[in-house]
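Below is one structure, written out as structure tokens, with a few remarks after it.
Every read-out reported here was derived from the displayed coordinates using simple, explicitly stated rules and does not represent laboratory data. Since this is a predicted model, take the numbers as computed values, not measurements. Positions of Cβ are generated from backbone atoms using ideal geometry, with glycine treated the same way; all protein chains shown enter the neighbour counts.
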Amino acid sequence: MKTRVVNSRLRLLLLGILLTFAALGVRVAWLQTVRASSLARLAQRQAKFDLAIPASRGTIYDRLGTPLAIGEQATDVIADPMQIADPRREARVAAGVLGLRYRKVYPKLADRSRGFVYVERKASPRLAALLSKRNLTGFTFQSNEKRVYPQGTVAAPVLGYAGVDNTGLAGLELELNRELSGRRGAETVVRDATGQAVDTIQERPARDGSNVFLTLDSHIQANAEQVLERTVQQWHAKDATAIVLDPHTGAILAMAQEPGFDANAYPAATRNLQIDHAVGDVFEPGSVFKVVTVGGALSEHKITPQTRFTLPYSIHVADRIVHDAEIRPTERMSVAQILQRSSNVGAITIAERYLGESGLKHWMRRFGFGRLTGIDLPGESAGIFPPYWSGSTIGNVPIGQGVSVTSVQLASAYAAIANGGQWVQPHLVDHVFGQVPPRPRRRRILAPNVDRQLRTMLKGVVSDQGTAELAAIPGYTVAGKTGTAQKPGPNGYISGAYVATFVGMVPASSPRLVVLVSVDEPHGQIYGGTVAAPAFEQIASFDLQYLEVPPDLRIGARG
Amino acid sequence: MAAIDWFAQAEVAEPVPARRRPARKPAQRPAARRRPAGNVRSRREPTQRRVRAHIVWMILFALLLSGVVAVNVAVLRAHVAVAQLDQQREKLEARNQALQSEVSAASSAPRIERAARRLGLVQVSSGNTTYLDLGSGGR
């Protein structure tokens, strides 16, 4: 009897357990089938977060691998004013930690009509971390990248600027934006109840931007900028430009301008400072343009360096009278002397007799003027040719007036002379990491023998008989040409306003460098030989020693 | 609790004493069958074997479940470690960039020139540079 009772109780207990498990089983089955999708969605919302993986912008290096533009970690400090109960207190704290002005922060936090405001973009990660520890309500922090230009003023207009969202807005940052920008990735992060990531599902990896290596040398660039700064100060000039390039490759080692600005403060710089003058500004070159006239006539075998002309001090061209820079009696000059002494009358005579309008136009284009060089920098100008040729135009253009060119066109033309008569496309980018280096365009503009003659004549300019004695460098032969051009205004040429230029190649026996210096509106002295030639000498001397180019002259001699 | 064999033949309970009836000649009743002692023990052995088997299965099942849990915990820990390493990598990359930037700024020519000027140094002018001719080697 007792046993029977025990048995029935046990059976009852077993039945109870079975029923409980059955109920649990049914519940599990129901959750895993009927409620499966809705519960999965809820879990995803609560635990999974879709995040964009930021891509780093590529670094811009100079030719030696010194970073000129680089991304540094930064933090965006974001606030949701709708969640902030005490905006005054939080604004005070945030402003104090981030070093901002309270009056700028408070209005953002107090605006409860908005759910998203930037308290500070690209803040210092250290300060953002300090602020994060204060646990202010409604504040979130997001990683970002800040574009930094560590060398400050060096090559600022060339580098340009990447804006708040790391997109190139000017200069090389704009030109190379596609290569420098990466591609954002996407990932899903699963977090536990404490917010710690327990799983990361990377749906698409981020692709960082490519690094770019330039032809610029930061030391040559910085030296050129310093020399220009001293030149501008000395002659109270409006501004100055310098280009240093390798004539054989077209690689630009320096493209400097003064006044300059700190690249990190690009938005604060004036528009005039931001423009790269070497490619964007046009100016009437003056006598440096005479190589086109002489080079063209030599190439057409109309003259030789020894051909002589009887040249008065002045010449009548249509309704104009053009004269040489220095008063002199009528002389017989050779072509070499015309270049050496920069005779306007001589150049106009050669152009009138042997080239004419069509020949001059042909050789201007042949030397690369009137068209883009194709340099890898935005904003390049093609220069300005005379819109129409009057009778007096032949009295202007051969001496570099009435035609406008850019500094980079001029430097490239002289580089062609330094390179045996072969023009090479100037460029700033050596290569983009991981890509085949671009090949610069080349074309022959002068026959080698004509080029040799021209270069020999240009050596004579840098002598005590020439106009550029101050461009001489001890131990090296130098060839070049001076230019002193009037500046045009709305009503003709502006009185007292000149552009002083010198373009030289060194060593002249086997040129390694071409250096152009152009000074806008110098005061006190206006001539290229006085203002620009000394700047050339300082820049070229430094570069020759820096690049360890051996002297080509007997020690103690000046070329 | 010992397993109860629900289907085992129950021990015969003590019979209810019969009501007194006129005495009759007691019928010859067969003697109550008593199982020899050895038979009870042999009935219990299969039961105990079954119990032991059940226990073994439960232990194996528990081990299996523990293994699954351990694997999942290990995977979670690995994910956490990966996430932490990712964060560390990002921090190191950022630090690397910052250092590169610092080196570039420190080596910039304008900065060096300013520092040199503060020390009273001046840049060599090109006119002050002389060259030594070491000759071609012959005397």
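A compact table of results
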{"read-out": "Part-to-part distance (alpha-carbon centres) for region A:478-554 and region A:134-185, which is given in Å", "value": "36 Å"}
{"read-out": "Mean Cβ count within 10 Å, highest first, over the residues of peptides A:138-150, A:3-15, B:101-113", "value": "A:138-150, B:101-113, A:3-15"}
{"read-out": "R0 of 56 Å, Cβ-Cβ distance residue A:20-residue A:51: FRET efficiency to nearest 0.05", "value": "0.80"}
{"read-out": "Rg to Rh, two decimals, where the protein assembly as shown supplies the alpha carbon set and Rh follows Kirkwood", "value": "1.38"}
{"read-out": "Residue mean of other protein chain beta carbons inside 10 Å, B:105-117", "value": "4"}
{"read-out": "Highest to lowest packing among B:116-123, A:222-229, A:290-297, scored as the average C-beta count within 10 Å", "value": "A:290-297, A:222-229, B:116-123"}
{"read-out": "Where GluC sites (Glu not before Pro) fall in DSSP loop in region A:455-559, at most 13 other Cβ within 10 Å", "value": "A:548"}
{"read-out": "Label point distance in nm, residue A:165-residue A:12, each placed 7 Å from Cα along Cα→Cβ", "value": "7.5 nm"}
{"read-out": "Whole-Hz ³J(HN,Hα) from phi, Karplus 6.51 cos²θ - 1.76 cosθ + 1.60, for region A:147-153, glycine and proline x", "value": "7, 10, 10, x, 8, x, 7"}
{"read-out": "Rel. contact order, % - alpha carbon contacts under 8 angstrom, at least six apart, chain A", "value": "14 percent"}
{"read-out": "For residue A:205, net neighbour charge (Lys/Arg +1, Asp/Glu -1) across residues whose Cβ lies under 11 Å away", "value": "+1"}
{"read-out": "Sequence-distant residues sharing a close amide H with residue A:59 (under 5 Å, placed H)", "value": "A:211, A:212"}
{"read-out": "Most to least packed among B:52-64, B:76-88, A:409-421 [average Cβ atoms within 10 Å]", "value": "A:409-421, B:76-88, B:52-64"}
{"read-out": "Tensor-based shape of region A:416-498 (alpha-carbon gyration tensor, a/c under 1.5 rounded, otherwise prolate or oblate)", "value": "oblate"}
{"read-out": "Neighbouring partner chain Cβ atoms per residue of A:214-220, average, 10 Å criterion", "value": "1"}
{"read-out": "Principal-axis tilt of helix A:356-366 within chain A, Cα atoms, nearest 10 degrees", "value": "40 degrees"}
{"read-out": "Amide H within-cut-off set for residue A:120, under 5 Å, with H built and near neighbours excluded", "value": "A:77"}
{"read-out": "Of the trypsin sites (Lys or Arg not before Pro) in region A:358-413, those whose Cβ has at most 16 other Cβ within 10 Å and which sit in DSSP loop", "value": "A:371"}
{"read-out": "Globularity ratio of region B:45-121, using Cα Rg and 2.2 N^0.38 Å", "value": "2.83"}
{"read-out": "Residue-averaged beta-carbon neighbours from other chains (10 angstrom radius) around B:82-92", "value": "2"}
